[in-house]
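To start, the structure itself, in structure tokens.
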Amino acid sequence: MHSSALRNTWIICKHECFKRVRTRSFLITTFLMPGFLAFVIGIPAVVGAHANHDNQRIVLACAREDLAALIRDGLIDSATNSYHVTIDNDVSPAEHQRLESELDDGRIDGVIWIDADSIEKGRATYERRTARDFIWQQLVRNSVSGGFNRMRMAQSGLSPTQIKDMLRGADVDIRISGVKPGDASRDAAAIITVLLLATVLFITLLSYGVMIMRSVLDEKASRVIEVLLCSATPDELMAGKILGVGAVGLLQVVTWGTMGLAIAAPRSTLPMAGHVVPLSLMIYFGIFYLLGYLLYSAMFAAVGAAFNSTDEAQHWNFVIISPLICACTLITPVAAAPNSTLAVIASLVPFCSPVLMYTRLAVESPPAWQIVLCFAILIGTIYVVQRIATRIYRIGILMYGKRPSVREMFKWLSYA
Amino acid sequence: MVTVELERVRKSYGKFVAVDDLSFSISAGQIFGLLGPNGAGKTSSIRMMIGIITPDAGAVRLFGEPFARRHLHQVGYLPEERGLYRKITVRENLVLLGQLSGLTSRDAIARARKWAERLDIAQWVDKRVEEMSKGMQQKVQFIAALLHEPQLIIMDEPFSGLDPINANVLKDVILELKEQGRTILFSTHRMDQVEKLCDAICLVNRGRAVLQGALREVKASYGSRFVQIAYEGDGRFLARCALVESSNNYGNYAEVKLRPGADSQALLQAAMCGAKISRFEVMEPSLEQIFIDRVEKASA
């Protein structure tokens, strides 16, 4: 690149970067957005935690006292929250009716009903007021089933020590190949964090791409582009703009990351704690952000140049973001089965790979050849897309008036 | 020395030919008017001069050399519509455009301040462009075109949006630039301004040059077949008179083109029969008359 071209690109890059960094909207999104997100994510967590500590009143109506005690012990041992379990040895139909009416009136929250017939058939009933609290339902199932097992074992003559010994089970220590035992990076909290980062990747690629498109449309509408073109080439303008806006995005992401680490570091139990996301994943995040940004920003710049208004560009805008949305919807299935055929293929498709290969890297260690192939395809695609986008940009920024057709845009490729 | 030279330049967009075999040259220190109706090819010609687009055929030469981007540091461009970032300040706009034209940030600020004082917008330098009136924005645009002291200044409708006082200030600056030996190209529809300021013109229509040369020679070549008449009363004599080739009648004032060989005194007598004449002047044609005449002929 010629030195004056580099100089012009640098001037445009600085201008695009500083122009945005000094705005109120940048400061708001950079410093208040994490707080807002924490609020949005935190509210359900707080509500959920609060719900778990509700004072739930459960009546355990059981025909056998020993079985009732075993089930209650199971419930109390397993539950970390405040459930009040009351044992009722009356299992007459009248009592059943009374309990049902109390349940309807809201005086109690649930009834576990085990009459003599139930004991014989090994079948209990759990009636509750609402369908919420799935964890508690599972707990009831396990405790009732465990209580029945213990009762049967005791009936067959085993002592409580023998029963306890038989039901001790075994711990399963799950290890992932290539990861040191005790490394916390692949635990549930870490996976949630990297999935969150993959989502941040999607949001930033989308929002900064759209920002570029709007900026080009604005320059075209205000005719600033004509003055700029008198001093700089379209290629210099496009490169400067992409780099400048990209730097703003990177600055914002780094600021968010630093804020997250600073807030989470003293609280080792939080998933955002520094040791949870290894440095390698942070580096991958930076690389995929840059590559994804270079790919999408060029397309958004070309669309901005080709059309006259946001409304006109909307259709193409959707075409561009479709693969990105597709990648976003695949984050969870790919994370759940990172070696499935779907995950491997989707993570190699260049328009999805910045999000999906990152997701795979976060939850497992894909074969090296797949990572190399992903980068090779992605970089090759960036090169081709940038070339096409630059040609459309060169012609499009000087075209005013009617909306160009796809055929016309193909023609532009031959003009440059 | 020739500052700008277009030689048989052609530019088409698909089937539409915007500029067709256009040739003209602008000498150093000249004020040159590029005239023509809408869609005549003026903007495409200017864009080829400043390298925004490349000609399909022909050659563009700046400062005696084939066009190269390095020449653009010697070119200032004022587009017809305001080409400024509206959300940033005047100073930031001028520093950006100055830097792209090869100035350092410090030089750009110093020169911007000097020009802002000269054009009486110094108090607006730290305001956002969107807060300014159209006329003031035009002044900023004017400064942006002159900031790097270019040898060639290309101006598309430079007086649009300016009140008569500010138009006069700008006119003085343009004449000063001419005295300094700068070359100035106007692209405009405002014939009165061109007539007062330009040394030479090129009239383009449908991408082709239909008339060009030194303004004085162009007007002289049209002879003295043009008459201005100020009158009161019935103006229908103009339509009836066989001496009149064409006329532009405003109700109590008319610009008349006589038929070749017609006697202007005979027209005066005919006019006096139908109306009271307060002024009758035989003169060279105005540029507007030439413009209309040529464009109508070319379109016929």
Worksheet entry | Length-normalised contact order of the range A:56-166 in % [C-alpha pairs under 8 Å, at least 6 apart] | 33 percent
Item to complete: Compute the separation of the alpha-carbon centres of the range A:318-396 and the range A:283-304 and state it in Å as a whole number.
Response: 11 Å
Practice prompt. Quote the FRET efficiency, to the nearest 0.05, computed for A:MET166 versus A:GLU65 with a Förster distance R0 of 25 Å and r equal to the Cβ-Cβ distance.
Written response: 0.65
Worksheet entry | Ranked list, fewest to most other Cβ atoms within 10 Å of each Cβ, for B:CYS202, A:CYS62, A:CYS326 | A:CYS326, B:CYS202, A:CYS62
Worksheet item: So for chain B, what are the equivalent ellipsoid semi-axes in whole Å, largest first, each being the square root of 5 times an eigenvalue of the Cα gyration tensor?
Response: 41, 24, 16
Worksheet item: Relative to a virtual label point 7 Å from the Cα of A:VAL319 in the Cα→beta-carbon direction, which members of the range A:279-304 show backbone nitrogen distances below 18 Å?
Response: A:295-304
Item to complete: Run down the lysines and flag those whose C-alpha is under 20 Å from the C-alpha of A:LYS241, throwing out any fewer than 8 positions away in its chain.
Response: A:LYS14, A:LYS19, A:LYS220, B:LYS87
Worksheet item: log₁₀ I(q)/I(0) of the range A:332-412 at q = 0.13, 0.16, 0.19 Å⁻¹, via Debye over equal Cα point scatterers, no solvent, to two decimals?
Response: -0.55, -0.66, -0.76
Discussion item. Could you tell me the calculated FRET efficiency between B:CYS273 and B:ALA122, based on Cβ-Cβ distance and R0 = 56 angstrom, to the nearest 0.05?
Written reply: 0.40
Fill in: Value of Rg/Rh across the range A:182-415 [Cα atoms, Kirkwood radius]
1.03
Worksheet item: For the protein assembly as shown, what is the mean residue ellipticity at 222 nm derived from helices alone (per DSSP H run of n ≥ 4: -39500 (n - 2.57); sum divided by total residues; nearest 500 deg cm²/dmol)?
Response: -18000 deg cm²/dmol
Discussion item. Taking 8 Å as the Cα distance limit and 6 or more residues as the minimum spacing, I'd like the relative contact order of chain B as a percentage.
Written reply: 20 percent
Response to the item:
So the angle from the long Cα axis of helix B:134-146 to the longest Cα principal axis of chain B, reported in degrees to the nearest 10, equals 70 degrees
Fill in: Projected label distance in nm at A:ASN149 and A:THR258, using a 7 Å step from Cα toward the beta-carbon
5.4 nm
Worksheet item: So how far apart, in nm, are the two label points at A:ASP117 and B:GLU176 if each is 7 Å from Cα heading toward Cβ?
Response: 10.8 nm
Worksheet item: When DSSP assigns beta bridges and you keep just the ones with both residues in the range A:56-166, what percent turn out antiparallel, to the nearest 5?
Response: 25 percent
Worksheet item: Taking the range B:113-177 as the region of interest, what is the percent of Cα-Cα pairs per 5 angstrom bin, listed from the shortest bin to the one with the maximum distance?
Response: 4, 16, 31, 28, 16, 5, 0
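Taking neighbour Cβ counts within 10 Å as the exposure measure, how do B:ARG82, B:ARG279, B:ARG69 sort from fewest upward?
On the way: B:ARG82 20, B:ARG279 9, B:ARG69 15.
Least to most surrounded, the residues fall as B:ARG279, B:ARG69, B:ARG82.
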Practice prompt. Give the calculated FRET efficiency between A:LYS402 and A:ASN339 to the nearest 0.05, with a Förster radius of 45 Å applied to their Cβ-Cβ distance.
Written response: 0.35
Worksheet, complete the sentence: Taking every DSSP bridge whose two residues both lie in the protein assembly as shown, the antiparallel percent to the nearest 5 is 60 percent
Practice prompt. Take every residue in peptide A:10-20, count the Cβ atoms of other chains within 10 Å of its Cβ, and give the average of those counts.
Written response: 3
Discussion item. Averaged over its residues, how many other protein chain Cβ atoms are within 10 Å of peptide A:218-227's Cβ atoms?
Written reply: 6
Worksheet item: To the nearest 10 degrees, how steeply does helix B:105-118 sit against the main Cα axis of chain B, on a 0 to 90 scale?
Response: 40 degrees
Worksheet item: Roughly what would the spin-label model give for B:MET1 and A:PHE18, points 7 Å off Cα along C-beta, in nm?
Response: 3.4 nm
Worksheet item: Does the protein assembly as shown come out rounded, prolate or oblate by the C-alpha gyration tensor, with a ≥ b ≥ c the root eigenvalues, rounded set by a/c under 1.5 and, if not, prolate when a/b is larger than b/c and oblate if not?
Response: prolate
Discussion item. Test of understanding: what is the full-extension gain from B:ASP56 to B:LYS297, defined as 0.36 nm times their sequence separation minus their Cα-Cα distance?
Written reply: 84.0 nm
Item to complete: Work out how much length A:ILE379 to A:SER156 would gain on full extension: take 0.36 nm times their residue separation and subtract the Cα-Cα distance, in nm to one decimal.
Response: 73.3 nm
Worksheet entry | Residues A:TRP136, A:TRP369, A:TRP10 arranged by fewest to most Cβ contacts within 10 Å | A:TRP369, A:TRP10, A:TRP136
Worksheet, complete the sentence: Applying the gyration tensor rule to the Cα atoms of the range B:157-300 (axes a ≥ b ≥ c; rounded if a/c under 1.5, else prolate if a/b exceeds b/c, else oblate), the class is prolate
Discussion item. Under a Cβ-only charge scheme (Lys and Arg +1, Asp and Glu -1), can you give me the dipole magnitude of the protein assembly as shown about the Cα centre, in debye to the nearest 20?
Written reply: 2020 debye
Worksheet item: Rg to Rh ratio, the range A:56-166, alpha-carbon atoms and Kirkwood radius?
Response: 0.97
Worksheet item: In nm, what is the difference between 0.36 nm times the number of residues separating A:ILE283 and A:SER207 and their Cα-Cα distance?
Response: 25.2 nm
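A short reminder: the numbers here are calculations on the coordinates, not readings from a lab. Nothing here was measured: the structure is a model prediction, and the numbers come from that model. Ideal geometry is used to build each Cβ from the backbone, glycine not excepted, and the neighbour counts take in all protein chains shown.
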